[in-house]
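Down below is the structure, laid out as C-alpha cells.
Nothing in this text is a laboratory measurement; each read-out follows from the coordinates by a stated rule. All values reported here derive from a predicted model rather than from experimental measurement. Glycine also receives a Cβ, built like all others from the backbone with ideal geometry; neighbour counts cover every protein chain displayed.
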Amino acid sequence: MSRQNDGFDFHHGLLQRLLDVAYRAINFFVRWDRLPIPLIGAANLGVFRDRLRAHNLHHTGYGINTSGDWSAGKERWRTADGSFNSLGHPRMGMAGSRFGRNFPLPECVPDSGDELLDPSPREISRELLARRTFIPAERLNLLAAAWIQFETHNWFSHGVPEPGNEFKIPLQPGDNWPDSERVDGCMQIRRTLADKTPRETWLGATPTFQNINSHWWDAGQIYGSSQSRQAEIRSGTDGKIAIGRDGMLPPDPKHRGVDLTGFNDNWWVGLSLLHNLFAREHNVLCDALKARYPAWRDEELFQRARLINAALIAKIHTIEWTPGILAHPALEFAMRANWSGVPSHVMRAVLGKDSEAAYGIIGSPTDQHSAPYALTEEFTSVYRLHPLIPDEMNVRRLDTGEQVLCELVNMQGRFTRRFMEDHGFTNLLYSFGTNHPGAIQLYNYPNFLRRFEKDGQPLLDMAAIDIMRDRERGVPRYNRFRELVGKQRVRTFEEITSIPDAADKMRKIYGNVDRVDLLVGLLAEDLPKGFGFSDTAFRIFVLMATRRLKSDRFFTDDYRPEIYTDFGLDWINNNGMKSVLLRHVPQLGPALEGVKNCFMPWNVL
C-alpha cells in the first residue's frame, strides 16, 4: 500500500521533537484526558506513545536458540508457533521466547527475603481486594469481560506452576483459610515456572520468564501455538476447524468439561462462547474462500481463513472493545486512527505520508522501534482485570424472558460444557450481553476466585497470587511504576484514591506509600472520565496496543491482497462484532437493535 503526501514533505524527526516539547508543556498545566478538543487529546497521545517507544521497550534476549524449521511458503502465512513473522529474526515473538520489559532492566529486580512477602499478600486480599458487595460497571456488558480474557489467552501465558519451592505466606489469627490447605501454618503459592533457557550475563539480577504462547496477535487462543496443537483442532477438510455434530467445538479428551481449542486454560462459559463463535467464523471464511478459489486445498484454505479471522479479531479489539472500556472521545478517535487513519485529506497532507495518525498502522511499514518485539511482564501486569468477573449472573432465555440466578463457580472448569448444554449457546450469548461485569477497583475482586479450586492444584487465592506474581517477576511497585511511565510520584495515600476508607486501609497495611503494590494502586486510582481502568495502566496500553500491530508484518508490510486476498481485506473492512454475532446467531437481532457497541448493554426483551 503506497502512501502519498500530496506534495507536502516535513522533516519527521524535527516535527516530532517540536510536538514533544509542545505537548509536554501543555500537560504541565492540563492532563491529556481534560484537553477540550478530542483531536488535540489524540495527537497528545500519539506524541506520548512515541516517547514510550523510544524509552520503554527493553530486550531480555530471546532465550531460545532455534526457530521453527523453514520451508518455502512460510512467508505467505502465519506459522503455528509464531516463528518467521520477522523473516530476518525468525525467533522474534515465537512461542517459548521470553517476555520483554517496559523498563530498564535494573528497575526490574524483585525484592529479596522477607521484603518479598511484605506486606502479606493474603492480608491485602482480605482487606483491600475482597468483594464486599458487587460494584457493577454499568456501561459495559459481561461479554466485555469474557473478551479480554479471550484476548489475553492469545497474547501470553507463563505456564501452569509446578509444585516445589513454594512461597509460604503466614496467616493471621482469624483467617478462614482451610486447615487442610495450610503448611506450617502458612498458605502456599506456587512460583512462576522458571525460565529454562540459557541465561545471559548482561541481564544481571533481572528475572526472565518464557511465554508459552506466541507473542503475536495471531488468534493463537483458537489456533494454538504449536504445530501439534493446531493439528488437533483441525478437521482436515476444506481448511475447517473441527466441530461436533451439535455445531459446537468438541470436548478436549485431556480436560473434562472443556472445549478442544488452541488454548483452554482457566476455562469458563465466557471463553467457550467466544471460541465457538470465532471457530464458526473461521469455517464460514473457509466456505467463502473455497467458492472463490476452488483449486485451493485444505492447508491453503485454513491458513488464509486464519489470517482473515485473526485480523478481524484484532480490529474488533482495537475499535470496539477498547473504546467501550475506555470511553473517552480522544481515545475513540485515536483507536480508529490507529487502525485506518483519519479521513481528512488536509490532515493527511499536513501530517505527512509516514504518519500513523493520518493513514493508520494497518498497511504501514513494519517497525520494531527500540527493541525486538516481545510482549512484556508489565503488559501482563496491567491486564490483571479479575474484578470484571461477577460472582453470579442472571441467565436469561431469549424466547421467554425467564431468568435464573447462577453462580460463576458453577460455569467454569469441568462444569463448563454441561452448563452450555443446559442453557444453550444463544441464551448464554444473550445473557452475557445483558449482564454487567464488575468495576475494576478495590473491594470488588470476585470472592469465588479468592477460594478457588482448580484440578491438579492446591486451593488458590487468586488475589494473593496476583500480588505475588508482580513481586516475584520484578515488576516495580506502584509509585516507581508511575514515574517510569511519565507520571509524578504520589506523596500520600490520599493522592492515590478517593475511595472511602481506602487510603486509611492502605496506610495501615503498607505504612510507606512507596511499598504499595502495583495492582493495589491501579485498582485504587481515581479514573479519567469514561475510563474503565486506571490512567497509569493505560500508559502501558498506549505503547503496547499499537506495538502489537506495528511490529507484525501481517498487519503492516504484508497486509495486502497477495497475502489476504481482496476478498479477505474486504471482509475485515466490512465486518465487526455485531455482524459476526448476527451471522451465526441471527436470533439476537432484536436484542442488538440500535446497539452501537456490542460490548455495551444489549436490549433486555
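Restricted to segment 88-122, and to residues that are touching a strand residue (DSSP E or B) at 6+ places or on another chain (Cβ under 9 Å) and part of a helix (DSSP H, G or I), which residue is nearest to Phe209 (Cα to Cα)?
Here the answer is Leu105.
List pairs: first residue in segment 552-563 and at negative phi, second residue outside any loop (DSSP other than H, G, I, E, B) and surrounded by 15 or more Cβ atoms within 10 Å (Cβ to Cβ) anywhere in the structure, Cβ distance under 6 angstrom, at least six positions apart or on different chains.
Within 6 Å, the pairs are Phe555/Leu549.
For segment 559-584, name all the residues that are assigned to a loop (DSSP other than H, G, I, E, B) and either touching a Phe, Trp or Tyr at 6+ places or on another chain (Cβ under 7 Å) or crowded, with 19+ Cβ neighbours inside 10 Å (or both).
Tyr559
Taking only segment 491-524 into account, find how many residues are among the acidic types (Asp, Glu), exposed (fewer than 15 other Cβ atoms within 10 Å of the Cβ) and part of a loop (DSSP other than H, G, I, E, B).
Counting residues in segment 491-524 that are among the acidic types (Asp, Glu), exposed (fewer than 15 other Cβ atoms within 10 Å of the Cβ) and part of a loop (DSSP other than H, G, I, E, B) gives 1.
Picking from Asn427, Asn435, which residue would you name as being in contact with a Pro (Cβ under 8 Å, 6 or more places away or on another chain) and among the polar types (S, T, N, Q)?
The conditions single out Asn435.
When you look at Tyr430, is it farther than 30 Å from Asp470 by Cα, surrounded by 23 or more Cβ atoms within 10 Å (Cβ to Cβ) and touching a strand residue (DSSP E or B) at 6+ places or on another chain (Cβ under 9 Å), yes or no?
yes
Does any residue in segment 400-422 that is within 21 Å of Asn264 (Cα to Cα) come within less than 7 Å, Cβ to Cβ, of a residue that is among the hydroxyl-bearing types (Ser, Thr, Tyr) and surrounded by 14 or more Cβ atoms within 10 Å (Cβ to Cβ) six or more places away or on a different chain, and which pairs are these?
Pairs found: Thr416/Ser272; Met420/Ser272.
Residues that are loosely packed, with under 15 Cβ neighbours inside 10 Å: which helices (runs of 4 or more DSSP H) entirely in segment 217-305 hold 1 or more of them?
227-233, 269-292
Among residues belonging to segment 198-226 that are in contact with a Ser or Thr (Cβ under 8 Å, 6 or more places away or on another chain) and of a type in the set (S, T, N, Q), point out the one that is farthest from Asn264 (Cα to Cα).
Thr206
What pairs come out if I take residues in segment 307-334 that are aromatic (Phe, Trp, Tyr) and pair them with residues that are not in a helix (DSSP H, G or I) whose C-beta lies under 6 Å away, six or more apart or interchain?
Going by the 6 Å Cβ cut-off, the qualifying pairs are Trp321/Phe599.
Find all pairs meeting these conditions: Cβ atoms under 6 angstrom apart; at least six residues apart or on different chains; first residue within segment 471-494 and within 15 Å of Phe379 (Cα to Cα); second residue among the hydrophobic types (A, V, I, L, M, F, W, C) and surrounded by fewer than 18 Cβ atoms within 10 Å (Cβ to Cβ).
Between residues of segment 471-494 that are within 15 Å of Phe379 (Cα to Cα) and residues that are among the hydrophobic types (A, V, I, L, M, F, W, C) and surrounded by fewer than 18 Cβ atoms within 10 Å (Cβ to Cβ), the close pairs are Arg471/Leu116; Gly474/Val109.
What pairs come up if the first residue lies in segment 577-605 and is closer than 23 Å to His282 by Cβ, the second is of a type in the set (Phe, Trp, Tyr) and in a helix (DSSP H, G or I), and their beta carbons are under 7 Å apart, counting only those six or more places apart or on different chains?
Leu588/Tyr430; Phe599/Trp147; Phe599/Trp321
Could you please find all residues in segment 64-93 being of a type outside the set (D, E, K, R), buried (at least 21 other Cβ atoms within 10 Å of the Cβ) and within 27 Å of Val542 (Cβ to Cβ)?
Result: Gly82, Asn85, Ser86, Met92, Gly93.
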